[in-house]
Each structure stands twice: as C-alpha cells, then as structure tokens.
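Trainee: This is the structure I have questions about; it appears just below.
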Amino acid sequence: MNDYSSFLPFAHLLADAAGRVILRAFEAGLTIEDKADTTPVTQADREAEEAMRGLITQHFPDHAILGEEGGHTKTISRYTWVLDPIDGTRAFIAGRKEWGTLIALCDAGVPVLGLLNQPASGERWAGVEGEPTLYNGEPCRSRACATLAAAEFSTTSAAYFTPEQAKQVVALAQSVGRTVKDGDGYAYGLLARGARDIVLDAGLKPYDILALVPIVNGAGGSLTRWDGEPITLHTHDGTALAVGDADLLNAINLC
C-alpha cells in the first residue's frame with residue numbers, strides 16, 4: 001500500500017514558500033502582464049512557482065514538474081508535481097479572496113495528493129487519497145444536498161464553454177436553488193467544507209484541477225469530468241464536475 005501522506009509535510013513546505021512570495025506582492029502592489037492566451041499573470045505567479053520548483057528539485061530531483069508558468073520538465077518519473085502558484089489571478093489582482101495556490105502530486109498520472117492554500121485568509125485544504133480531507137488541520141466534510149432545487153451552484157466563467165456546453169450549463173443553473181459567479185479553485189474548497197453543492201467548469205488545464213480531486217473526494221464529494229470519468233494528468237478533457245452529495249449526480253446530465 002502506498003503511503004502518500006508521507007509527502008504531505010513537503011507539500012505544506014511548498015505552500016509556505018509560495019505563500020511568503022505571494023503575500024509580499026499582494027500587500028505591496030502588482031505588476032500585471034497578459035500571457036499569449038490573454039489571461040493575466042503577475043511577477044508573484046512566476047516567483048512563487050520558481051520557489052516551489054527549486055524545493056522540488058532539491059528534495060526530489062527524480063520527480064517531474066508541471067507548472068502553469070514554467071511548463072513541464074522532461075524528466076520521466078513515476079511522480080509528477082503539478083503547480084498553479086495563483087489559481088484565480090483575476091480575483092488576486094482585484095484584492096478578493098477567491099484565489100489560492102494549487103499543489104498536486106500525481107502517481108503515474110493519478111492525483112493522489114492535493115493542497116489548496118489561501119495565504120491571505122489563512123485557509124488551507126489538504127487531501128490525500130484514502131484519507132479525510134483537512135481544512136486548517138481539521139477534518140472537513142461536504143454537505144448533504146440530494147436535490148437540485150436545494151443546491152447552490154457556481155462556475156468560474158461562461159467564457160470557457162463551447163456553445164453546446166453553455167446550453168447545458170444554463171439548463172442546470174435554471175434547475176438549482178441558487179447560483180454564484182466566479183470562484184476558480186477556491187470554489188471547490190468551499191464545496192469540500194460544506195459551503196457549496198455543485199461546481200462546474202470547462203476549459204481547464206491540468207494545473208487548474210488536479211490538486212482539487214483528492215480534496216473534494218476526501219471530503220465525501222465527487223470530482224470527475226463531465227462524462228463521469230476520472231480526472232488524471234493523462235486523461236483530463238478540460239471539464240470538471242464537483243458535487244458535495246453524490247445523489248446530485250442522478251439529477252445532472254451533461255453528456
């Protein structure tokens with residue numbers, strides 16, 4: 001049996017290192033650029049990822065790394081660290097709290113450890129395959145919600161949906177009790193601690209979602225692709241559907 005929890009202290013070390021870099025920038029002002037895909041990036045994104053990459057290279061030189069800013073190392077390895085230094089950069093730039101650092105460890109492409117850290121609000125989620133998710137060091141659970149009419153639903157941005165996907169999302173939004181805009185990875189953390197019921201996104205990259213899989217699943221929820229298949233480093237299709245109560249899956253049809 002694999003003891004993936006043995007990597008958790010190191011994941012916390014990565015989050016601490018990134019958090020120190022990010023908080024300095026958050027409090028002092030930002031230099032903002034647009035990447036080739038028109039999404040914003042700050043110097044804090046780059047420096048935080050560099051700090052994490054440096055630690056991984058030092059402690060686990062045989063592990064591969066995939067980061068939003070630095071790309072993928074060419075190392076062939078069983079383990080891959082997947083990093084998003086600031087997931088939710090637009091919220092970060094605006095001074096809101098719906099952002100965080102995402103850190104995943106994949107074993108043969110399967111996310112087995114995930115950490116979501118929001119250093120400005122002092123919130124941290126940690127999930128390890130087969131273990132309860134921790135929120136600020138204490139076990140957390142998603143909440144019971146068996147019907148769409150009682151559910152709170154959110155998605156990051158309609159801009160990432162294809163026209164057909166947008167129709168499906170609109171239909172879902174019209175069926176739920178309440179909809180909330182924005183959220184990025186932070187919304188999945190809210191679901192894991194029982195503050196949201198459905199989170200749905202498309203147009204995602206691996207570093208946007210892999211860390212959240214162990215967090216949601218370990219809290220009693222479910223996080224898969226829209227078609228119900230697992231999200232892995234090699235099989236993700238850019239879609240994500242998270243529910244806090246598995247009974248909701250019977251009422252959601254996105255295929």
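A short reminder: the numbers here are calculations on the coordinates, not readings from a lab. All of these numbers come straight from a predicted model, not from anything done at the bench. With ideal geometry, Cβ positions are generated from the backbone for all residues, glycine too; neighbour counts draw on all protein chains shown.
Trainee: At 7 Å along the Cα-to-beta-carbon direction for both ALA94 and ARG143, put a label point, then send me their distance in nm to one decimal.
Mentor: Result: 2.3 nm between the two label points.
Trainee: I've got another one for you. Listed highest first by mean packing, meaning other Cβ atoms within 10 Å per residue, what order do 224-232, 162-170 come in?
Mentor: 224-232, 162-170
Trainee: OK, next. Using the count of nearby Cβ atoms within 10 Å as a rough guide to exposure, how do ARG90, ARG20 rank from fewest to most?
Mentor: Numbers: ARG90 17, ARG20 13.
Least to most surrounded, the residues fall as ARG20, ARG90.
Trainee: So what is the relative contact order for the chain, in percent, with contacts set as C-alpha pairs under 8 Å and at least six apart? Mind dumping the intermediate values first?
Mentor: On the way: 567 pairs, mean separation 42.9, N = 255.
Worked out over the chain, it gives 17 percent.
Trainee: Now for a separate question. Kirkwood hydrodynamic radius for region 4-139: how many Å is it when counted over pairs of different Cα atoms?
Mentor: Numbers: mean 1/r = 0.0662 Å⁻¹.
Value: 15.1 Å, from the Cα pair sum.
Trainee: To continue, here is another question. Nearest 500 deg cm²/dmol is fine: what mean residue ellipticity at 222 nm does the chain get from its DSSP H runs of n ≥ 4 alone, each adding -39,500 (n - 2.57), divided by its residue count?
Mentor: Details: 7 runs with 75 residues, N = 255.
Roughly -9000 deg cm²/dmol at 222 nm, from the helical runs in the chain.
Trainee: Using bins 5 angstrom wide from zero, how does P(r) for the chain break down, in % of all Cα pairs?
Mentor: 1, 7, 15, 19, 20, 18, 12, 7, 3, 0, 0
Trainee: Can you give the Kirkwood hydrodynamic radius of region 108-255 from its Cα pairs, in Å with one decimal? Don't skip to the end; give the middle numbers.
Mentor: Numbers: mean 1/r = 0.0667 Å⁻¹.
In region 108-255 this quantity evaluates to 15.0 Å.
Trainee: While we're on this one: What shape does region 207-255 have by the C-alpha gyration tensor, where a ≥ b ≥ c are the square roots of the eigenvalues, rounded means a/c under 1.5, and otherwise prolate means a/b greater than b/c and oblate the rest?
Mentor: Working: a/c = 2.51, a/b = 1.21, b/c = 2.08.
Oblate is the answer for region 207-255, as a/c is 1.5 or above yet b/c matches or exceeds a/b.
Trainee: So, in Å, what gap is there between the alpha-carbon centers of region 143-174 and region 236-255?
Mentor: 10
Trainee: OK, next. Got a sec? Charge dipole of the chain, +1 on Cβ for Lys and Arg, -1 for Asp and Glu; which of TRP99, PRO111, THR80 is way out at the positive end?
Mentor: Farthest along the dipole direction, towards plus: TRP99.
Trainee: Which helices pass in the chain if a helix is a full DSSP H run, must span at least 27 angstrom along its long axis by Cα, and must have mean Kyte-Doolittle hydropathy not below -0.5?
Mentor: Working: long enough: 8-28 (30 Å, 0.91).
Membrane-span-like by this criterion, though nothing is claimed about a membrane: 8-28.
Trainee: Which of VAL199, CYS140, SER175 sits closest to the plus end of the dipole of region 140-238, meaning its Cα is farthest towards the positive end, when Lys and Arg get +1 and Asp and Glu get -1 on the C-beta?
Mentor: It is CYS140, whose Cα lies furthest towards the positive end.
Trainee: Something else now. Highest mean first, what order results for 128-135, 6-13 on Cβ atoms within 10 Å?
Mentor: The packing order, highest mean first, is 128-135, 6-13.
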